[in-house]
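Colleague: Just passing along the structure, written as structure tokens.
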Amino acid sequence: MRLRLWHADDGARIAYREIGTGPPLVLVHSAGFSHREFEPAVEGLAHRFRLVLPDLPAHGDSEDRPRHPYTFDWMAAVLAAFCTDVGGRRPLVGGHGLGADLLIRAMELGQLSPARMALLSCRLHRPPERPKAYSAWLGAARAAGVPGLDRVAGHAVKLAFRPERGIALTARSVPEAQDLVRHAMADVGGNANLARSWARLARNLPRGPRRQVLDLLPQLGLPVLLLWADEDRHHPLRGAEEALDLLPDAILRVLPGTGYLMAYDDPVGVARELVAFFG
């Protein structure tokens, strides 16, 4: 995959990988990871699409300088501009977890108008499924912004998120998921800039239910694929079923025997469903 850099108007840098030929398809990863979350499914997609895999700000090789606001709306605006620039005025887009939530927010703000959209397991309108763990994670990230703790925080995160945690995020105990976590944590230890950026992001991420999404869904005049894992404890199926009832043009596909890292549990299934939907 070719590494490319894209720059927003405010100077924020988005690193992305690109492979294949055909209509562009932008897939956005979840919180804490990078473009590598979709790597297992690349082979099944690159023969049909020009596959574009960005790293979100403060993730992977993308922007990590704390001079940017790192609010939820800023992240959504940057992502919307990126998708439109590399994918066209009405791009084909998909996202998982935070990536999906940001795509939805960009549409709420009127900054993104995709032709088709795939939402892989994500929060949608619901509150965090494990609120205590989510609050603890946000609290630790916010603490990283305290002067003197920024470098220490990065090392603590690496200790907490060892590569073995990747296996636990799969339903089939996929050993390759360790490499995903290892890559995501590679530059975290001692990186004060990244720690301060994540502290800003943690202060601004939604903590409760986003009920305004319920108002948006009936207004979406585009085909939507809800692609869900059946063993993802963070994003239970009922959220997708509630959204399906509100979306005017949507289909729900559930991949059996898959967990949070769906593309690692069933890369063939993920690629098959995306190809069938995006054509």
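Quick note: the coordinates plus some simple rules give every number you see, no bench work behind them. Predicted model only: the values in this text are computed from it and were never measured. Cβ placement follows ideal geometry from the backbone for every residue including glycine, while neighbour counts extend to all protein chains displayed.
Colleague: How tilted is helix 267-278 with respect to the longest principal axis of the chain? Cα atoms for both, answer in degrees (0 to 90, nearest 10).
Modeller: The two axes meet at around 50 degrees.
Colleague: Suppose each label sits 7 Å from its Cα in the direction of the beta carbon; what would the GLN212-ARG272 distance come out to in nanometres?
Modeller: Each label point is offset 7 Å from its Cα along the Cβ direction, giving 3.9 nm.
Colleague: Let me ask you something else. To check my understanding: the extent here is largest minus smallest coordinate of the Cα atoms along each principal axis. What are those three numbers for region 1-122, in Å, largest first?
Modeller: Projected onto the principal axes, the Cα atoms of region 1-122 cover 39, 27, 26 Å.
Colleague: Same structure again: At R0 = 25 Å, how high is the FRET efficiency between ARG4 and ARG90 if r is their beta carbon distance? Nearest 0.05 is fine.
Modeller: 0.70
Colleague: Next question. For every helix of n ≥ 4 consecutive DSSP H residues, a contribution of -39,500 (n - 2.57) applies; sum these over the chain, divide by its total residues, and give [θ] at 222 nm rounded to the nearest 500 deg cm²/dmol.
Modeller: The helix-only estimate for the chain comes to -11500 deg cm²/dmol at 222 nm.
Colleague: Now, a different point. Of all DSSP beta bridges located in the chain, what percent are antiparallel, nearest 5? Provide the component values of the computation, followed by the final result.
Modeller: On the way: 10 of 31 bridges.
Antiparallel bridges: around 30 percent, rounded to the nearest 5.
Colleague: Averaged across orientations, what area in nm² does the convex hull of the alpha carbons in region 193-268 project?
Modeller: Averaged projected hull area, Cα only: 7.0 nm².
Colleague: Sort THR84, THR21 so the one with the fewest other Cβ atoms within 10 Å of its own Cβ comes first.
Modeller: By the 10 Å Cβ count, ascending, the order reads THR21, THR84.
Colleague: What is the percent of Cα-Cα separations in region 25-87 that go past 19 Å?
Modeller: Percent of Cα pairs beyond 19 Å in region 25-87: 34.
Colleague: Counting pairs of alpha carbon atoms under 8 Å apart in space and at least six apart in sequence, what relative contact order in percent does the chain give?
Modeller: 20
Colleague: Sticking with this one: Compute the helix-to-body angle for 131-143: its Cα long axis versus the longest principal axis of the chain, expressed 0 to 90° and rounded to tens.
Modeller: Around 50 degrees separate the two axes.
Colleague: Would you calculate the separation in nanometres between label points at THR21 and GLU241, each defined as 7 Å from the Cα along the Cα-to-beta-carbon direction?
Modeller: So the label points at THR21 and GLU241 sit 4.5 nm apart.
Colleague: For helix 192-204, what angle does its Cα long axis make with the longest principal axis of the chain, in degrees from 0 to 90 and rounded to 10?
Modeller: 60
Colleague: What length, rounded to one decimal in nm, is gained on full extension from ASP249 through to LEU109, with 0.36 nm per residue of separation minus their alpha-carbon distance?
Modeller: 48.3 nm
Colleague: Along the Cα→Cβ direction, 7 angstrom out, place labels at ARG182 and ASP73. What is the inter-label distance in nm?
Modeller: Calculated label separation equals 4.2 nm.
Colleague: Related question: First check a/c for the chain, with a ≥ b ≥ c the square roots of the eigenvalues of its C-alpha gyration tensor; if it is under 1.5, answer rounded, and if not, answer prolate when a/b is larger than b/c or oblate otherwise.
Modeller: On the way: a/c = 1.33, a/b = 1.29, b/c = 1.03.
Verdict is rounded for the chain.
Colleague: Using the Cβ atoms and a cut-off under 14 Å, what net charge is assigned to the surroundings of ALA250, where Lys and Arg are +1 and Asp and Glu are -1?
Modeller: That sum, taken over residues with Cβ under 14 Å, equals -3.
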